[in-house]
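The values are calculated or read from the model by the stated rules, or taken from the named source; none is laboratory data. Keep in mind it's a predicted model, so treat the numbers as computed, not measured. Every residue, glycine as well, gets a Cβ built from its backbone with ideal geometry; the counts of neighbours run over all protein chains shown. Side chains are part of the model used for accessible areas, which takes the heavy atoms of the whole protein and leaves out ligands, DNA and RNA. Shrake-Rupley method; radii C 1.70, N 1.55, O 1.52, S 1.80 Å.
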Amino acid sequence: MSKALSRSSYLEKNVGDFPAEFEIAGVRYEKADDLRYGTNPHQPAAYYRPIGVSGVIGGMEIIKNGKSGLSQTNLEDISGALNIVKFCDRSACAVMKHVNPSGAAVAVGNETLKQVYIKARDADPRAAFGSVIAFNVPVDEETAKEIMSTFVECVVAPDYSPEAIAVFNDGATYKLNKQIRILKCGDISKLPRYTGEAGPEYNTFKVLADGSLIIAAPLTTNLRTVEDLVTASGENTRCGAVKSEIAPTEQQKIDLLFSWHVNLSVRSNGVVIVKNGQTLSVGTGEQDRVGAIEQAIIKFKEKYQGSEELEGSVMSSDGFFPFEDGVEVAAAAGVKAIIAPAGSLRDADVIKRANELGVALIHAPERIFSHH
């Protein structure tokens, strides 16, 4: 049997297989770079951007590179993290790991960027080891020092203070992160957020096992502000017409909106539990909805600080509740407000049960499954 190729020799053998340019669905792309590897080290990969478009990611400036370039996984995590913080008007941070957020946070009150980063990182500090971090505002010195205190793969932000860059380059002091990659992205406001904003250059592509291709519009939302939150209502023969009777607090409304926007970048079935601008737990990739809720709650109880801090939190669900059990499980853990799309034959039953449990229920304007 022939000896397996090393990673470097394998990539040298295959890296030239990718064209310099190509066109698909009316958009022409140019190769930005050959990547360190694809999803795994034995998979060669290249990175393309639309020609003539000033891309937020495609036009990133490398402030500091590690001992090797970016991988496909790095770029996917950069994209996912920016896809979260793009929604926030206040300072925000997203920590991505394996194309799912391990934590995300937005400033509440007078919180500094360092405090926002700590909230995002410590939502799941174990998973944050070796993560990709994105900010929607320039990174300052104190935040940079905190980032360098634990192992991080990449940081991406619109800019950095000179003092922050000096910290990132101080490999003698911060030996753990000598190879950290620091990237300056383009204008985050150019990323599409809401339905109808995206042009053809933002289409998504999925290649199937036989090489067939699916082209789809990007996943965006109609939910822009807390003013768009709609009280849940439903009707069926068992319950008649039912409406949610519990009103969320103003902070819960803000947290519901943030939770929904984070959930756009969570693999379905996805649920995101939030309190005071911080994700407390993310349930992802389960085949049933109540399982995703149970996963998030168990993860918080066993992996984090303890179940009592879920009291008063809010939750988003990327799909509707087919039965009442999802709301029951969330309520038992302390969740007090939930946002989810309508569409179940048992919507009225779910709303009635939420009223009985003292849980505010908001109906989102669409489903946001993300099958990446």
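How far apart, in nanometres, would the label points at Glu250 and Asn222 be if each is projected 7 angstrom from Cα along the Cα-to-Cβ direction?
Result for the modelled spin labels: 2.8 nm.
In nm, what is the difference between 0.36 nm times the number of residues separating Glu302 and Leu345 and their Cα-Cα distance?
Result for the pair: 12.1 nm of gain on full extension.
Pull out the extension gain between Thr204 and Glu76, defined as 0.36 nm times the separation in residues minus the alpha carbon to alpha carbon distance; nm, one decimal.
Additional length available on full extension: 44.8 nm.
Hey, can you grab everything whose amide H is under 5 Å from the amide H of Tyr48? Only 5+ residues off in sequence or another chain; H modelled, so Pro and N-termini drop out.
Amide H neighbours of Tyr48, under 5 Å, 5+ apart: Ala32.
Using a 1.4 Å probe and counting only protein heavy atoms, arrange Ser370, Ser68 so the residue with the most accessible area comes first.
Ser68, Ser370
Probe radius 1.4 Å, ligands and nucleic acids left out: which of Cys93, Cys239 has the largest accessible area, and how do the rest follow?
Putting Cys93, Cys239 in descending order of accessible area: Cys239, Cys93.
Taking Rh as the Kirkwood radius computed over C-alpha pairs, what is the Stokes-Einstein D of the range 59-152 at 25 °C in a medium of viscosity 0.890 mPa s, expressed in µm² per second?
184
Could you identify which residue out of Asn74, Asn276, Asn40 has the top mean-square fluctuation in a GNM of the chain using Cα springs shorter than 10 Å?
Asn40
Which is the longest stretch in the chain that no exposed loop site breaks, taking sites as GluC sites (Glu not before Pro) with a DSSP loop state and at most 16 other Cβ atoms within 10 Å?
1-196
With unit charges on the beta carbons (Lys and Arg positive, Asp and Glu negative) and the dipole taken about the Cα centre of the range 232-372, which residue among Trp260, Ala241, Ala332 sits farthest to the positive side?
It is Trp260, whose Cα lies furthest towards the positive end.
Does anything in the range 200-235 have its amide N under 12 Å from the 7 Å Cα→Cβ label point of Phe323, and if so which residues?
No residues fall inside that zone.
Put a dot 7 Å past each Cα toward the Cβ at Ser233 and Asp170; how far apart are the dots in nm?
Between Asp170 and Ser233, the simple spin-label model gives 5.9 nm.
How much accessible area per residue does the chain have, counting only protein heavy atoms and a probe of 1.4 Å, in square angstrom?
Each residue of the chain exposes 46 Å² on average to a 1.4 Å probe.
Could you please state, rounded to a whole Å, how far the C-alpha centre of the range 33-81 is from the C-alpha centre of the range 345-366?
When both Cα centres are located, 42 Å separates them.
How large a share of the accessible area of the range 69-221, in percent, is made up of carbon and sulfur atoms when the probe is 1.4 Å and the other protein chains stay in place?
It is 53 percent, rounded to a whole number.
Scaled to the compact-protein estimate 2.2 N^0.38 Å, what is the alpha-carbon radius of gyration of the range 202-347, rounded to two decimal places?
Compactness ratio reported: 1.12.
Let me cross-check Met60: its accessible surface, 1.4 Å probe, with only protein heavy atoms counted, in Å² to the nearest 10?
30
Beyond a 27 Å Cα-Cα separation, which of these cross-linked pairs lie in this structure: Lys184/Lys336; Lys243/Lys299; Lys184/Lys301; Lys64/Lys299; Lys64/Lys97; Lys86/Lys145?
Lys184/Lys336; Lys243/Lys299; Lys184/Lys301; Lys64/Lys299
Name the residues whose placed amide hydrogens come within less than 5 Å of the amide hydrogen of Val139, ignoring near sequence neighbours (fewer than 5 apart) on the same chain.
Long-range HN contacts for Val139: Asp159, Tyr160, Ser161.
Name the residue, out of Pro341, Pro162, Pro50, whose mean-square fluctuation peaks in a Gaussian network model built on the chain with Cα pairs under 10 Å.
Comparing Pro341, Pro162, Pro50 in the GNM, the peak value goes to Pro162.
In what order, largest first, do Arg289, Arg353 sit by accessible area if the probe radius is 1.4 Å?
Arg353, Arg289
Roughly to the nearest percent, how much of the accessible area of the range 263-372 is carbon and sulfur, given a 1.4 Å probe?
47
State the extension gain, in nm to one decimal, for the chain segment bounded by Asp33 and Ile51, taking 0.36 nm per residue of separation less the distance between their alpha-carbons.
Full-extension gain reported as 5.1 nm.
What are the residues whose amide H is under 5 Å from the amide H of Ile362, where those residues sit 5 or more places off or on another chain and H is modelled from the backbone?
Amide H neighbours of Ile362, under 5 Å, 5+ apart: Ala232, Ile338, Ile339, Ala340.
If you place +1 on the Cβ of every Lys and Arg and -1 on the Cβ of every Asp and Glu, how big does the dipole about the Cα centre of the chain come out, in debye to the nearest 20?
Dipole size: approximately 800 debye.
With unit charges on the beta carbon (Lys/Arg positive, Asp/Glu negative), name the residue among Ile298, Val271, Ala354 whose Cα is farthest towards the positive pole of the charge dipole of the range 215-372.
Working it through, the farthest residue towards the positive pole turns out to be Val271.
At 7 Å along Cα-to-Cβ for each site, give me the label-to-label distance between Phe18 and Asp187 in nm.
2.8
Based on the alpha-carbon set only, what is the convex hull volume of the chain divided per residue, in Å³?
Enclosed volume per residue, from the Cα hull, is 164 Å³.
Expressed as a fraction of 2.2 N^0.38 Å, the rule-of-thumb size for a compact globular protein of N residues, what is the C-alpha radius of gyration of the range 264-351?
0.99
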